[in-house]
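Here the structure is laid out as structure tokens; the discussion comes afterwards.
The values are calculated or read from the model by the stated rules, or taken from the named source; none is laboratory data. Being a predicted model, the structure only gives us computed values, none of them experimental. Virtual Cβ from ideal backbone geometry, glycine too; neighbours counted across all protein chains shown.
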Amino acid sequence: MMEQLQEGYVSSVAASAGCSAEVIGKDTFGVDVQFIRPAATHLEQEGLLFAQLKCTTQVVPDRDTKSFQYRFSKREYFEGLSATRSYPKKILIVMTVPYEQMGWTEVVNGGLLVKRECYWTHLEGQTSKLVKPVIDVPTDNIFDANALIAIMERQDRGESLDE
């Protein structure tokens, strides 16, 4: 269910950013979703970005700190994200949710509220000797439509995704 909630979140963000989020149904090299931004004209190339999705009840991020830690359950997931890639780039999107499933969403006047947010990070070039690597996820890196647009624009310009 955590996976389903996160897929809905990233699909909503992608739609708001003018992109589509295509969920990959089987484990394909640690890619769970690909974001596709349509080209402005038929003569241009569309934008593509890969993401690995992780959802956890183990972390409650504190916005007053720079980051929170996330531990991978498998080293392969970390290695796939830290490998150097030319295009498309890969990002990690971590969603934190309350432990109680019924607390994940709430209907409020005017809409549906998702109780926690997703955060993104770019791990290319990072190293770890741990079997289950631990990474720092910046609390400033909230995954929303503005973030997705900025990530794809930086990728298109050949700039680093690290802020």
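Scan the stretch 85-138 for residues that are of a type in the set (Val, Ile, Thr) and surrounded by fewer than 12 Cβ atoms within 10 Å (Cβ to Cβ) and jot them down.
Just the residues of the stretch 85-138 that are of a type in the set (Val, Ile, Thr), to begin with: 91, 93-94, 96-97, 105, 107-108, 114, 121, 127, 131, 134-135, 137.
Those that are of a type in the set (Val, Ile, Thr) and surrounded by fewer than 12 Cβ atoms within 10 Å (Cβ to Cβ): Val107, Val108, Thr127, Val131, Val134.
Please note which strands (runs of 3 or more DSSP E) are completely contained in the stretch 108-163 and include at least 1 residues that are aromatic (Phe, Trp, Tyr), at pLDDT 90 or above and within 26 Å of Val60 (Cβ to Cβ). Steps first, answer last, please.
Working: elements: 111-114, 118-121, 134-138.
Once the strands (runs of 3 or more DSSP E) in the stretch 108-163 are filtered for at least 1 residues that are aromatic (Phe, Trp, Tyr), at pLDDT 90 or above and within 26 Å of Val60 (Cβ to Cβ), what remains is 118-121.
Can you name the residue in the stretch 75-107 that is among the polar types (S, T, N, Q) and outside any strand (DSSP E or B) and, of all such residues, is nearest to Val13 (Cα to Cα)? Spell out how you get there, then give the answer.
The initial filter retains those residues of the stretch 75-107 that are among the polar types (S, T, N, Q), namely 82, 84, 86, 96, 101, 105.
Restricting the remaining residues to those that are outside any strand (DSSP E or B) gives 82, 84, 86, 101.
Working: Ser82: 24, Thr84: 26, Ser86: 25, Gln101: 21 Å.
Per the criteria, the residue is Gln101.
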**Prompt:** Out of all the residues in the stretch 63-73, is one or more under 30 Å from Arg37 (Cβ atoms), surrounded by 13 or more Cβ atoms within 10 Å (Cβ to Cβ), within 17 Å of the chain's Cα centre (by Cα) and not hydrophobic (A, V, I, L, M, F, W, C)?
**Reply:** yes
